[in-house]
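The values are calculated or read from the model by the stated rules, or taken from the named source; none is laboratory data. Since the model is a prediction, treat every value here as computed from it, not as a measurement. Cβ: placed from backbone, ideal geometry, glycine included. Neighbour counts: every protein chain shown. For accessibility, only protein heavy atoms count, side chains too; no ligands or nucleic acids. Shrake-Rupley method; radii C 1.70, N 1.55, O 1.52, S 1.80 Å.
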Amino acid sequence: MPSQVRSAAPVQVAAVYPMPPVSAPPCDQVEPSTIATLVLQDGSSFQGISFGDETKSISGECVFQTGMVGYPESLTDPSYRGQILVLTFPLVGNYGVPSRETMDPLLKDLPKYFESNEIHIAGLIVGQYSQDYSHYLATSSLGAWLKEYNIPAIYGIDTRAMTKKIRSQGVMLGKILFPTALVGPTVVPADEAWMNEYQNVDWVDPNERNLVAE
């Protein structure tokens with residue numbers, strides 16, 4: 001009697017692609033936006049819209065900050081040296097960046113509105129970025145300031161999900177990758193098929209560097 005048992009069909013494994021941005025660029029924006037991808041060491045990845053420097057892919061340690069205001073102070077805080085900072089407040093950039101030339105009247109050699117003389121983070125992740133800013137102290141946008149120091153930044157990332165992931169799994173390494181068509185060929189072999197279109201870089205752990213000497 002012929003067997004009634006049929007062999008199981010081969011399981012189709014779906015390709016793993018980054019989660020797309022959760023927000024869109026402004027409808028009146030003329031120039032096309034660059035889509036960059038945040039890759040975490042646990043294998044998860046998130047696409048976002050670039051608003052900072054776009055000259056190379058970077059790697060660092062992902063951490064989050066829950067402050068409602070004060071991003072000029074956070075980005076210049078030396079304790080964030082080499083880290084990819086995730087800001088959990090839903091809107092960032094709306095009050096711009098104050099003057100970098102105005103010095104503290106007491107400390108003399110330290111800018112009045114910052115924690116140090118430069119940006120220390122390796123990259124910035126936000127939920128929604130405001131290209132328009134308004135504040136009586138503002139002299140430039142956040143994006144323009146980041147470009148001065150060659151710091152990549154992306155928005156359109158679900159920062160709530162990022163924060164929950166970091167809180168439950170602990171601090172982890174991450175990368176911000178840009179398309180090879182924009183920044184040049186990859187540095188290290190791709191881990192996933194979709195990464196062939198991006199400039200991949202090695203994982204960099206700032207805890208293995210002498211950050212004080214830097």
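Here are some notes:
- Local electrostatic count at Gln65 - Lys and Arg +1, Asp and Glu -1, tallied over other residues with Cβ under 11 Å: -2
- The length gained on full extension between Arg160 and Leu91, counted as 0.36 nm times the residue separation minus their Cα-Cα distance, comes to 23.6 nm.
- Of the labelled figures (1) 1.20; (2) 1.15; (3) 1.43, only one reflects Cα Rg over 2.2 N^0.38 Å as derived from the coordinates, namely (1).
- On the beta carbon distance between Asn196 and Ser79, with R0 = 35 Å, the FRET formula returns roughly 0.45.
- Loop-resident sites, the stretch 107-214, for trypsin sites (Lys or Arg not before Pro), counting at most 11 other Cβ within 10 Å (DSSP): Lys108
- Calculated accessible area for the chain comes out at 56 Å² per residue, all protein chains present (probe 1.4 Å; ligands, DNA, RNA ignored).
- For Thr180 and Val16, the difference between the fully extended length at 0.36 nm per residue and the C-alpha to C-alpha distance is 57.1 nm.
- Inter-site label distance for Val69 and Ser134 at 7 Å from Cα along Cβ, in nm: 1.5 nm
- Paramagnetic reach from Leu211 in the stretch 52-89 [backbone N under 17 Å; point 7 Å along Cα→Cβ]: 59-66, 73-87
- Within the accessible surface of the chain, defined with a 1.4 Å probe on protein heavy atoms only, the carbon and sulfur portion equals 54 percent.
- Charged-residue dipole, Cβ positions (Lys, Arg, Asp, Glu), the chain about Cα centre, Debye nearest 20: 620 debye
- DSSP beta bridges fully contained in the stretch 22-129 are about 40 percent antiparallel.
- If both residues of a DSSP beta bridge must be in the chain, then about 60% of such bridges are antiparallel.
- Computed from Cα positions, the angle between helix 159-169 and the longest principal axis of the chain comes to roughly 70 degrees.
- Ranked by the mean number of other Cβ atoms within 10 Å of their residues, highest first, the peptides 49-56, 74-81, 30-37 fall in the order 49-56, 74-81, 30-37.
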